[in-house]
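> Just dropping this structure here.
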Amino acid sequence: MLLDQKNEQEFRKRRGIEALGSYDAVIFRLGLKFEWLPHFPPSQPESYGLESLSGLKPYKGRRGGKEILFDSTMMGAPAASFNIEAYLCHSPASEGVGVGYCGALQPGIEIGTIIIPDKSRIGEGTSKYYGKDEVSHPDQDLVKRLVETTRRFGYEPLVGETFSTDAAFMETPDFLENLARQGIIGIDMEMSALFSIAQYHGKRAAGILVVSDKPYEGPLHSLSIPFQKTEAISEEVVKICIEALGG
């Protein structure tokens with residue numbers, strides 16, 4: 001939403017954004033909690049590449065002279081939009097990165113693979129209210145920084161188109177096969193909305209996903225996510241985001 005100056009100030013005050021002070025960037029855990037990571041919050045911020053870390057839900061850290069906010073969102077685009085609007089779009093931050101899980105859509109993409117979307121097909125219902133109908137795009141400079149930083153950490157990310165859905169239990173075999181034939185490499189529930197909302201407000205946003213499952217192998221209720229593995233890799237991904245944003 002767009003607000004005039006008076007209502008913008010009131011919104012920031014009521015949502016506690018003013019109380020957070022100034023910050024430059026946001027890292028969102030989309031549909032997941034930072035506290036689920038093996039070592040978050042770290043007892044020694046240096047282990048995350050941070051000079052300091054303070055606060056509690058959301059947290060705020062410092063890296064290279066930049067202040068970075070860490071916020072966990074609820075699952076799904078409509079629910080996540082509350083935090084994206086508040087902590088990125090109605091905040092001092094100029095850019096944000098969404099960190100989440102996705103299902104692989106192409107054979108050969110293994111669990112634990114890091115995917116960086118260069119565009120996201122819109123299957124959720126939030127983006128249309130921000131003027132997007134089919135495809136939403138991240139900030140390409142931020143995508144480049146994430147790719148380069150991921151490689152410096154020793155991982156080779158897959159870069160390509162993903163799909164964001166609102167209905168995980170409607171991922172039928174025909175639906176998934178159709179997406180795969182179009183070259184889409186992963187499916188999640190928030191990424192396209194993050195890009196749409198950020199672009200609407202003139203903010204830079206990108207995303208980085210960890211493959212948690214292979215939905216084409218069976219129905220959702222039958223899939224088992226190896227959380228110990230995916231959360232360990234997600235912790236590395238958060239460190240990647242810190243370096244990419246903090247320089």
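> When you scan the stretch 67-75, do you find a residue that is surrounded by fewer than 16 Cβ atoms within 10 Å (Cβ to Cβ), touching an Asp or Glu at 6+ places or on another chain (Cβ under 8 Å) and closer than 17 Å to Lys239 by Cα, even just one?
no
> Restricting attention to the stretch 2-58, and to residues there that are of a type in the set (Gly, Ala, Ser), within 22 Å of the chain's Cα centre (by Cα) and part of a loop (DSSP other than H, G, I, E, B), which single residue is modelled with the lowest pLDDT?
Gly16
> Going through the stretch 94-112 one residue at a time, which ones are crowded, with 20+ Cβ neighbours inside 10 Å and either over 20 Å from Glu243 (Cβ atoms) or touching a Ser or Thr at 6+ places or on another chain (Cβ under 9 Å) (or both)?
Gly98, Val99, Gly100, Tyr101, Cys102, Gly103, Ala104, Leu105
> Say we look at the stretch 113-144 and pick out the residues that are of a type in the set (Lys, Arg) and surrounded by 15 or more Cβ atoms within 10 Å (Cβ to Cβ); which of these is nearest to Gly218 (Cα to Cα)?
Arg121
Residues are listed down the side, and each one gets a yes or a no for (1) out of contact with any Leu (no Cβ under 8 Å at 6 or more places or on another chain); (2) more than 30 Å from Pro41 (Cα to Cα); (3) at pLDDT 95 or above:
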site	(1), (2), (3)
Val147	yes, no, yes
Glu177	yes, yes, yes
Ile208	no, no, yes
Val211	yes, no, yes
Pro219	yes, yes, no
Ile240	no, no, yes
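> Can you tell me which residue within the stretch 201-225, out of those that are part of a strand (DSSP E or B) and β-branched (Val, Ile, Thr), is surrounded by the most Cβ atoms within 10 Å (Cβ to Cβ)?
Per the criteria, the residue is Ile208.
> Give the number of residues within the stretch 168-221 that are without any contact (Cβ under 8 Å) to a residue 60 or more places away in the chain and among the hydrophobic types (A, V, I, L, M, F, W, C).
So the count comes out to 5.
> Which of the helices (runs of 4 or more DSSP H) contained wholly in the stretch 116-200 include at least 2 residues that are at negative phi and among the charged types (D, E, K, R)?
In the stretch 116-200, the matching helices (runs of 4 or more DSSP H) lie at 140-152, 173-181.
> Can we say Thr162 is of a type in the set (Val, Ile, Thr) and at pLDDT below 95?
no
> Still on this model: Restricting to the stretch 25-46, name every residue that is touching a Pro at 6+ places or on another chain (Cβ under 8 Å) and surrounded by fewer than 20 Cβ atoms within 10 Å (Cβ to Cβ).
Glu35, the sole residue that qualifies.
The values are calculated or read from the model by the stated rules, or taken from the named source; none is laboratory data. Just so it is clear, the structure is predicted and the values come from calculations on it, not from any experiment. Using ideal geometry, Cβ is built from the backbone for each residue, glycine included, and neighbour counts are taken over all protein chains shown.
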